[in-house]
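The values are calculated or read from the model by the stated rules, or taken from the named source; none is laboratory data. The structure presented is a predicted model; accordingly, all values stated were derived computationally and were not measured. Cβ sites come from the backbone with ideal geometry, for glycine too, and all protein chains shown count toward neighbours.
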Amino acid sequence: MQINQASNFPVISRSGRTSADLQKIIDTLVLSSETGNAYSIEGIQAGKRYNSMQQRIRAQAKKLNLHVQIHFDKGNETLYFRVPGKDDVQVTVTKNSAVKAKDVKNVKAPVKA
């Protein structure tokens, strides 16, 4: 074995690799963002497999700056996902459990007997 003194130290940059499955997810997310269509992945078992796959989809959607909706059908072991289109109606549910007394008007308290 021979060890030599190096005149410089090379910079190593980490280049990420994309698996074929991950590239399919990316391509499908882009297609869904353009069309609004939903897609499914069959054979996803509840538990760790589902958690892993939905995290992959969400991570790629975040990198693409897309909002993704994910639904899981446990009976059919199928994961559904889509990127809502611009024409879709967005339903937001708000839960307001705390209301200040000054915001409540015209409420009659029951009369105690």
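Some observations on this one:
- Residue match in segment 82-94 (condition: surrounded by 12 or more Cβ atoms within 10 Å (Cβ to Cβ) and at pLDDT 90 or above): yes
- Leu64 being touching a helix residue (DSSP H, G or I) at 6+ places or on another chain (Cβ under 9 Å) and either closer than 21 Å to Pro84 by Cα or surrounded by 13 or more Cβ atoms within 10 Å (Cβ to Cβ) (or both): yes
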